[in-house]
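Everything on this sheet refers to the single structure shown next.
The values are calculated or read from the model by the stated rules, or taken from the named source; none is laboratory data. Just so it is clear, the model here is predicted, and its values are computed rather than measured. Note that each Cβ is placed from the backbone with ideal geometry, even for glycine, and that neighbours are counted across all protein chains shown. Areas reflect the complete protein model, heavy atoms only, side chains present, ligands, DNA and RNA absent. Shrake-Rupley method; radii C 1.70, N 1.55, O 1.52, S 1.80 Å.
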Amino acid sequence: MKIGLLGFGVVGRGVYDITADMDDIQVAKVICLEDITLPDAEVTKDFRSILTDDSIDTVVEAMGGLHPAYEFVRAAIEAGKNIVTSNKALVCTYYDELIPLAEKMGVQFRCTAAVGGGIGWLSELERSRRVQPIERVGGIMNGTCNYILDSMTRLGLGYDEALKQAQALGYAEAKPATDVEGIDTWHKVILSSNIAFGVSLDSTTVPVAGISKITAEDVTTFTEHGYTCKLISTGKSSDGKYSAYVQPTLVTVGQPEAAVPSNYNLITLVGKYSGRMSFFGQGAGRYPTAYNVVQDCADLLHGKGFYCAYGEKVAAVNDDLLTYYVRGDLDAWLEDNTSERWGSAVITKPVSVSAMHNWLKEHPDAFIAAFAENTL
Ligand code: HSE
């Protein structure tokens with residue numbers, strides 16, 4: 001396999017290093033805007049030289065961001081190249097366009113590193129769905145948020161200090177709002193749900209609440225009541241109905257999610273026959289992520305392409321009834337739905353996920369966290 005590698009940053013460099021020791025996979029050309037030379041690959045700034053090189057069968061996109069990654073990947077598919085990418089924003093945003101286009105062009109498309117970094121999550125999900133219906137996917141999918149919440153809970157750090165450390169350690173996205181507002185997790189649960197359930201989830205029907213408004217006082221309150229706060233994603237399928245959402249969630253000591261430290265991920269599927277299976281590991285970082293990119297290339301070599309055929313567009317219906325911790329304006333709706341008070345915050349009666357997130361849209365400075373029943 002000869003690879004055209006787009007980007008030579010954290011992931012691109014890792015792919016180059018890993019494949020340098022392999023006989024059957026070779027990085028032939030690298031698109032890099034800096035003036036570097038590499039012993040085993042041609043470095044160019046001209047993307048067209050990859051498109052027109054018939055010896056290159058696979059394009060690995062490791063640029064990140066939507067543009068020009070989208071334009072390059074689309075052109076590569078149209079030129080008959082297989083695609084491997086770790087770019088969850090790209091795959092999630094252009095799923096309806098790129099997957100059918102790749103199918104039409106007869107090329108393969110894999111993106112295992114897009115969810116869970118070095119964890120073989122999407123590839124195991126692919127295997128699992130071959131023999132059983134998947135009922136639920138989700139869990140802790142963002143290392144930056146887990147690092148912040150874990151540092152606040154175990155070390156007593158403030159939010160700003162914990163975020164700065166996560167950035168310094170290289171876990172956060174270029175714009176950390178993507179992590180802390182839950183957008184990165186949102187991309188990952190939509191992509192996981194698409195593969196698990198064989199659908200294309202309408203992303204506008206998947207609500208997301210992040211962790212940026214959490215305070216040290218919230219964390220102390222949770223600890224006093226025996227809870228740990230985690231950013232949890234949920235995707236569910238039942239009798240042809242789907243639900244999906246991302247939100248801070250209160251787990252009890254003893255639940256596996258409560259013990260997930262630092263920047264680790266813990267991603268779970270619940271299948272009809274297997275029951276719960278969880279995958280724990282490094283969700284970010286150069287070599288873990290590059291490892292799964294190279295695994296996808298090896299899968300292509302062994303004839304394994306798409307995770308599943310492109311599925312029908314479906315809306316998430318989020319009518320699960322959950323109770324929430326809410327710190328924010330006590331307006332008439334919240335007062336009507338309050339069952340008890342925890343200091344300046346309230347605990348709601350069971351309310352639907354969609355009603356709670358609709359309320360949050362009107363109160364963007366509030367912080368909400370769901371109690372975990374039925375979401376993990
Ligand atoms: N910023 C992401 C995270 C990187 O913190 O998990 C991996 O997707």
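Would you mind telling me which residue in V115, V73, V314 has the biggest mean-square fluctuation in a Gaussian network model of the chain, where springs connect alpha carbons within a distance under 10 angstrom? Residue with maximal mean-square fluctuation among V115, V73, V314: V314. Among the GluC sites (Glu not before Pro) within segment 212-320, which fall in a DSSP loop and have no more than 14 other Cβ atoms within 10 Å of their own Cβ? Within segment 212-320, the qualifying GluC sites (Glu not before Pro) (loop, at most 14 other Cβ atoms within 10 Å) are E312.
Let me make sure I get this right: for segment 243-321, a, b and c are the square roots of the gyration tensor eigenvalues over alpha carbons, sorted descending. Under 1.5 in a/c it's rounded, otherwise prolate if a/b > b/c, else oblate. Which is it?
oblate
Segment 266-325 and segment 49-64 have Cα centres spaced 25 Å apart.
Just so you know, the averaged projected area of the alpha carbon convex hull for segment 71-202 sits at 9.3 nm².
Full extension of the chain between D202 and D17 gives 62.9 nm of extra length, using 0.36 nm per residue less the Cα-Cα distance.
Loop-located trypsin sites (Lys or Arg not before Pro) in segment 41-92 (DSSP state other than H, G, I, E, B) with a sparse environment of at most 13 neighbouring Cβ atoms within 10 Å: K45. Assuming R0 = 51 Å, can you tell me the calculated FRET efficiency for the pair T220 and L66, based on Cβ-Cβ distance, to the nearest 0.05? The computed FRET efficiency comes out at 0.85. For segment 2-110, a/c is not less than 1.5, where a ≥ b ≥ c are the root eigenvalues of the C-alpha gyration tensor, and a/b tops b/c. That puts it in the prolate class. Which of the lysines could be linked to K272 by a straight reach, that is with a Cα gap under 28 Å, when you skip same-chain ones fewer than 8 residues away? List returned: K88, K188, K230, K236, K241, K304, K313. Largest accessible area first, the residues S344, S262, S128 order themselves as S344, S262, S128 under a 1.4 Å probe with ligands, DNA and RNA left out. Taking only the C-alpha atoms of the chain, the Rg (one decimal) and the largest Cα-Cα distance, Dmax (whole number), read 21.2, 68 Å. Each helix, a run of at least 4 DSSP H residues, gives -39500 (n - 2.57); summed and divided by the residues of the chain, these come to -10000 deg cm²/dmol at 222 nm. When only alpha carbons are used to place a centre, segment 194-228 and segment 330-363 end up 15 Å from one another.
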